[in-house]
Amino acid sequence: MKDRAIPTGHHVRGDGDDAITMELHSYLSRDAARAGLNFLSPEIHAFVRRELLMREEGAAIDEDRLFGNALSSMPLVFNLFGPMALDLNLATAALRQLLPGFVHQVTGFIFEHSPGRRQERFLNDGTAFDVAIQIITPDGEQGTIFVEQKYSEDMTGPAARLRDRYDEASRAVGLFLDPDSQMLRSLALEQLWREHMLAQLAVDQGLIPRAMFIAIGPRLNRRVMAAFRVYENELIGADDQDANRVQFHAFTLESFIDALADAGAGDTARDLWGRYADFERVYHLSLGEYLENPSSHTVPKPLASPSSTDSKVSLRGARTMAARGTTKNKLQKVQGGVCE
């Protein structure tokens, strides 16, 4: 935000005379938010405004987070997928790389989408996907990629109220090793569980012939990555599933940025990398807080190109830092739903 001279905002804690106002540099100022500076380009901002006007009835979009919170996954969804929605050829080239066995052509995008919002034959609630990508498969069938995007989340909720319908659907969709597993209902996993069931019900109810459910998160958000791995362990293996089950795949945010770069959108990929994935720069900035004379040390500028090779180079320092700490690749226990 400093690189782009984006004014930051304030957070007010408390009410009345006891209220405390503090600077919060992950929030945009009101004027900056209104000007659309939470988005990487004016074109994406205009696209977001159009999508808000045309959104599905009942779509839950928090406009304060969307326009004003730089760490929210909501604007990330539009910054990542907006350029693809505006250029379906770019979308096709990028998603063919990531899902070559499922994507032949991308035909459209729907944001904050539910195939059956509050309908009894689905989950009878407001569960929705961040984006649904409409595609043609290599076999010529229509299909949909349902997407859940994470960024700074710690996978501790808030969670939906558990309903009897969830239990019924969990047993009916044929996706889980143990449909009654309490792990699926934990704060860390329950959203993935609900969305995967909804995707499968969309196929089972005949709305779409083929579907896939994918989740995306930064490589270095260890709680998100751990939740994805644990969720995968709750699923019946692809070789043992019934026909036409909706597969789940977890991707890193960095892999999507690399795919955009490889598809020819170098400028877009570079902007995404600098905004969301250059954690080595965060590492150096944080380290500077503990140096005796931080002003004598320089903070590296963002790398010039976020190609696959550059991505690996840029993350090397952050990975080294992470390796020095204690890392855990699986949920050893669930304490209030927190992945550790």
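The values are calculated or read from the model by the stated rules, or taken from the named source; none is laboratory data. This is a predicted model, so every value here is computed, not measured. Every residue, glycine among them, receives a Cβ derived from its backbone with ideal geometry; neighbour counts consider all protein chains shown. Just so you know, the surface numbers come from the protein's heavy atoms only, side chains and all, with ligands and any DNA or RNA stripped out. Shrake-Rupley method; radii C 1.70, N 1.55, O 1.52, S 1.80 Å.
Considering region 61-90, the residues that are in contact with a strand residue (DSSP E or B) (Cβ under 7 Å, 6 or more places away or on another chain) and in a loop (DSSP other than H, G, I, E, B) include one that is surrounded by the fewest Cβ atoms within 10 Å (Cβ to Cβ), namely Leu71. For region 45-52, the criterion of a residue being touching a Leu at 6+ places or on another chain (Cβ under 8 Å) and either open to solvent by 50 Å² or more (accessible area, probe 1.4 Å) or part of a loop (DSSP other than H, G, I, E, B) (or both) is satisfied by no position.
Scanning region 223-263 for residues that are at pLDDT 95 or above and not in a loop (DSSP other than H, G, I, E, B) yields a count of 28.
Among the residues in region 3-23, are any touching a residue at least 24 places away in the same chain (Cβ under 8 Å), in contact with a strand residue (DSSP E or B) (Cβ under 8 Å, 6 or more places away or on another chain), closer than 23 Å to Ile216 by Cβ and not in a loop (DSSP other than H, G, I, E, B)? No, region 3-23 contains no residue that is touching a residue at least 24 places away in the same chain (Cβ under 8 Å), in contact with a strand residue (DSSP E or B) (Cβ under 8 Å, 6 or more places away or on another chain), closer than 23 Å to Ile216 by Cβ and not in a loop (DSSP other than H, G, I, E, B). Count of region 171-184 residues, restricted to those that are assigned to a loop (DSSP other than H, G, I, E, B) and either surrounded by 18 or more Cβ atoms within 10 Å (Cβ to Cβ) or touching a residue at least 40 places away in the same chain (Cβ under 8 Å) (or both), is 9.
Got at least one residue in region 203-222 being of a type in the set (D, E, K, R), assigned to a helix (DSSP H, G or I), in contact with an Asp or Glu (Cβ under 8 Å, 6 or more places away or on another chain) and under 25 Å from Gly143 (Cα atoms)? No, that holds for no residue.
Residues to consider are Ala202, Ala188; find the one that is buried (at least 20 other Cβ atoms within 10 Å of the Cβ), among the hydrophobic types (A, V, I, L, M, F, W, C), over 19 Å from Gly237 (Cα atoms) and more than 19 Å from the chain's Cα centre (by Cα).
On the way: Ala188 fails: more than 19 Å from the chain's Cα centre (by Cα).
Of the residues listed, the single one that is buried (at least 20 other Cβ atoms within 10 Å of the Cβ), among the hydrophobic types (A, V, I, L, M, F, W, C), over 19 Å from Gly237 (Cα atoms) and more than 19 Å from the chain's Cα centre (by Cα) is Ala202.
Among the criteria (1) in contact with a strand residue (DSSP E or B) (Cβ under 7 Å, 6 or more places away or on another chain); (2) at pLDDT below 95, the one Leu184 does not fulfil is (2).
Looking at Ala33, Ala93, which one is open to solvent by 10 Å² or more (accessible area, probe 1.4 Å), within 18 Å of Ala265 (Cβ to Cβ) and either among the hydroxyl-bearing types (Ser, Thr, Tyr) or in a helix (DSSP H, G or I) (or both)?
Unique residue meeting the criteria: Ala93.
Considering every residue within region 322-338, establish whether at least one is part of a helix (DSSP H, G or I), of a type in the set (Ser, Thr, Tyr) and modelled with pLDDT under 85.
No, region 322-338 has no match at all.
Within region 266-283, the only residue that satisfies the criterion of being touching a residue at least 60 places away in the same chain (Cβ under 8 Å), among the hydrophobic types (A, V, I, L, M, F, W, C) and open to solvent by less than 20 Å² (accessible area, probe 1.4 Å) is Leu272.
Only residues that are of a type in the set (A, V, I, L, M, F, W, C), loosely packed, with under 15 Cβ neighbours inside 10 Å and either within 24 Å of the chain's Cα centre (by Cα) or modelled with pLDDT of 90 or more (or both) were counted across region 1-23, and they come to 1. Total residues in region 103-143 satisfying the condition of being more than 16 Å from the chain's Cα centre (by Cα), under 17 Å from Ala59 (Cα atoms) and either of a type in the set (Asp, Glu) or surrounded by fewer than 21 Cβ atoms within 10 Å (Cβ to Cβ) (or both): the figure is 7.
Evaluating Ala35 against the criteria (1) free of Cβ contacts under 8 Å to residues at least 12 places away in the same chain; (2) touching a Leu at 6+ places or on another chain (Cβ under 8 Å) leaves one unmet condition, (2).
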